[in-house]
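Engineer: The structure follows.
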């Protein structure tokens, strides 16, 4: 029975995992939909219009990373990778391709539900904030629109949240821990690699020359400053 809560699409070919997730996540009043392979998952995003996607990387038809890339071509829906691949390079590649989070199998249901909550909060916040202008960059918080030289910059929900936190504290040095706690929550305060990946992605999107950033400045060994 549907709960009329946030809609979550699970893309995983393992029946036992889908059953486990359906029972475990469904207990938290989420509406659960399933797809058994990558193509069905891509079609399911159009059909079900989920608020969040849980994606396995090892799918029988299309590689999970390719599914992620295709999603990011037209959708900013939060995507959490749930995979048995647990090497750091696998996580970095997935984050670089637009994933909002990465959970390794085997996993704890409580941790996964907490991470789902974090990802959904990044998209659910209603804002009446100001319009901030930094030279060629304009940030309209009410409309959730960012423009560079009057052209809209497409951001994922996590990229948006990170940029918002830094921009609203413009001129101040924010430590790695402060940023991780503000964007991902207290359980992420040591995940500096997460932060580095997303800062690199933001620089590629909002800096004219990412190798010589003028907006997101690195404070070595401390954190970042937005100008």
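The values are calculated or read from the model by the stated rules, or taken from the named source; none is laboratory data. Predicted model only: the values in this text are computed from it and were never measured. As a convention, Cβ positions derive from the backbone with ideal geometry for all residues, glycine included, and neighbour counts pool all protein chains shown.
Engineer: Tell me which residues, restricted to segment 191-211, are in contact with a helix residue (DSSP H, G or I) (Cβ under 8 Å, 6 or more places away or on another chain) and part of a loop (DSSP other than H, G, I, E, B).
Structural biologist: 191, 210
Engineer: Answer with yes or no whether residue 35 is more than 17 Å from residue 110 (Cα to Cα), at pLDDT 95 or above and out of contact with any strand residue (DSSP E or B) (no Cβ under 7 Å at 6 or more places or on another chain).
Structural biologist: In short, no.
Engineer: For residue 167, indicate whether it is closer than 19 Å to residue 123 by Cα, out of contact with any helix residue (DSSP H, G or I) (no Cβ under 7 Å at 6 or more places or on another chain), in a loop (DSSP other than H, G, I, E, B) and in contact (Cβ under 8 Å) with a residue 12 or more places away in the chain.
Structural biologist: Taking the combined requirement at face value, the residue does not satisfy it.
Engineer: Taking segment 125-142, which residues are farther than 20 Å from residue 217 by Cβ and either surrounded by 11 or more Cβ atoms within 10 Å (Cβ to Cβ) or modelled with pLDDT of 85 or more (or both)?
Structural biologist: Those that are farther than 20 Å from residue 217 by Cβ and either surrounded by 11 or more Cβ atoms within 10 Å (Cβ to Cβ) or modelled with pLDDT of 85 or more (or both): 125, 127, 129, 130, 131, 140, 141, 142.
Engineer: Quick one: which of 62, 81, 54, 116 is touching a residue at least 12 places away in the same chain (Cβ under 8 Å) and part of a helix (DSSP H, G or I)?
Structural biologist: One residue alone meets the criteria, 116.
Engineer: Only one residue in 114, 119, 84 is over 13 Å from the mean Cα position of the chain (by Cα) and under 15 Å from residue 25 (Cα atoms), so which one is that?
Structural biologist: 114
Engineer: Moving on to the next point. It is to be established whether one or more residues within segment 8-15 are part of a helix (DSSP H, G or I) and either modelled with pLDDT of 95 or more or at positive phi (or both).
Structural biologist: yes
Engineer: Now a separate question. What number of residues within segment 16-51 satisfy the criterion of being free of Cβ contacts under 8 Å to residues at least 60 places away in the same chain and either in a loop (DSSP other than H, G, I, E, B) or touching a helix residue (DSSP H, G or I) at 6+ places or on another chain (Cβ under 7 Å) (or both)?
Structural biologist: 14
Engineer: Separate question: Test residue 75 against the stated conditions and say whether it is in contact with a helix residue (DSSP H, G or I) (Cβ under 8 Å, 6 or more places away or on another chain), more than 21 Å from residue 16 (Cα to Cα) and outside any helix (DSSP H, G or I).
Structural biologist: Judged against the criteria, residue 75 is a match.
Engineer: Please state which one of 181, 214 is surrounded by fewer than 16 Cβ atoms within 10 Å (Cβ to Cβ) and in a helix (DSSP H, G or I).
Structural biologist: Step by step, each of 181, 214 is checked, and only 181 is surrounded by fewer than 16 Cβ atoms within 10 Å (Cβ to Cβ) and in a helix (DSSP H, G or I).
Engineer: Hey, another quick one. Taking the condition within 26 Å of residue 72 (Cβ to Cβ) and exposed (fewer than 14 other Cβ atoms within 10 Å of the Cβ), does residue 154 pass?
Structural biologist: yes
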